[in-house]
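Shown next, in structure tokens, is the structure this report addresses.
The values are calculated or read from the model by the stated rules, or taken from the named source; none is laboratory data. Keep in mind it's a predicted model, so treat the numbers as computed, not measured. Don't worry about glycine lacking a Cβ; one is built from the backbone with ideal geometry, like all the others, and counts go over all protein chains shown. Just so you know, the surface numbers come from the protein's heavy atoms only, side chains and all, with ligands and any DNA or RNA stripped out. Shrake-Rupley method; radii C 1.70, N 1.55, O 1.52, S 1.80 Å.
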Amino acid sequence: MATKLFKTGRVTAYLPNFRTAVQHFRSLSSYDKIVEIEDLEPEKRSGNLGVFGPGDKRFPLPGKIGVNIGNKVIPCPTPLVNSTTPQELFKTHLPDERHSAVIEQLITQAIEYEEEFMADNEPNPMEMLECVAQLCPQTLRRDIQELFPSHDLSKDSLTVITISHRTSHDMSGWSQDVEEEREMLLAAFIKGAGDICDALSNSGFWADFIDPSCGKPYLSSHTNATFFETDERYRKLGFEIEDLGCCKVINHHLWGTHAYVGSLFTTAPMDHPLIACMTCAKPHPQGSTRRGVRSSGADDTDANSSCVTGEKERDA
């Protein structure tokens, strides 16, 4: 699974389906409630081992140091002293030579790591979903506040999660097949985004998403502000908006107009495990049975694994 944490402050994860993203947020929704308990034997869990309690007999020496009686001390073998011949002196690397060799090795490893990083930068054919989490741009915060007037977002951190799903059909045109795929992806996005918002709410964060069909918040109170899929403000989130004359269409950096995009907003910070560990999301076991990029949108939606990506704005 191609997943990356970019230096630009974005967390990008390529997943096989929407179900994998939902499972990630559900699994970490109770992260703050998890308490790690040291795995000790019952006889070692004594509540009397405080400052004034009895000491541990296994460590009788000052500084709580014990003696390991079970292991025998094996004396180190005496190194053999060999005389160095003049020929061997010329074979020994000088400090500068050793330093150069270490630097060369580091450069080689860095090049190999960069090549591996770039190779994983794009999704493989089995990964139909792209989730990108980023801090809401300052130039967009005021507009987002108008979408959610009942919540004061000026003091909290605001994270935008855009979910893009690769489509089988070109969203720049219209046909019955395109309309059916769009409707199925819409239903899958609303279901999955609602589950993600519930998981974020269980962790103590506010979250809501935009209904792609009307461009308005799905969970919050009614507002006249809208944020359609082909809104020019999507450019600030890494997308391109193409004007086709009769309509507009959103353009994905990898999939072009074969994409259906939705957006989700939350006060969860970028360094929270819910967001930062998004690249570590594991695919669902059933994900291996998928048929690849060219699989129909109906198969994706019926499996509840479809997600989101941009579509063109409908004529109002």
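Tabulated data
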quantity: Single condition Lys216 does not satisfy, out of (1) open to solvent by 20 Å² or more (accessible area, probe 1.4 Å); (2) under 22 Å from His258 (Cα atoms); calculated: (2)
quantity: The stretch 149-166: number of residues that are of a type outside the set (S, T, N, Q), outside any strand (DSSP E or B) and within 24 Å of Pro273 (Cβ to Cβ); calculated: 5
quantity: Residue in the stretch 135-146 that is assigned to a loop (DSSP other than H, G, I, E, B) and at pLDDT 90 or above present; calculated: yes
quantity: The listed residue being more than 17 Å from Ile196 (Cα to Cα), surrounded by 13 or more Cβ atoms within 10 Å (Cβ to Cβ) and modelled with pLDDT under 95, out of Ala225, Ala281, Ala268; calculated: Ala225
quantity: Answer residue from the stretch 237-254, given it is touching a His at 6+ places or on another chain (Cβ under 9 Å) and assigned to a loop (DSSP other than H, G, I, E, B) and is farthest from Ile275 (Cα to Cα) among those; calculated: Phe239
quantity: Filter result (hydrophobic (A, V, I, L, M, F, W, C) and farther than 18 Å from Leu153 by Cβ) within the stretch 206-250; calculated: Cys214, Phe228, Phe239, Ile241, Leu244, Cys246, Cys247, Val249, Ile250
quantity: Qualifying residues in the stretch 178-236 (those that are among the hydrophobic types (A, V, I, L, M, F, W, C) and assigned to a loop (DSSP other than H, G, I, E, B)) - the one nearest to Ile250 (Cα to Cα); calculated: Phe228
quantity: Extreme residue, modelled with the lowest pLDDT, among residues of the stretch 14-38 that are of a type in the set (Phe, Trp, Tyr) and assigned to a helix (DSSP H, G or I); calculated: Tyr31
quantity: Unique residue being without any contact (Cβ under 8 Å) to a residue 60 or more places away in the chain and among the aliphatic types (A, V, I, L, M) when the list is Leu237, Leu219, Leu254; calculated: Leu219
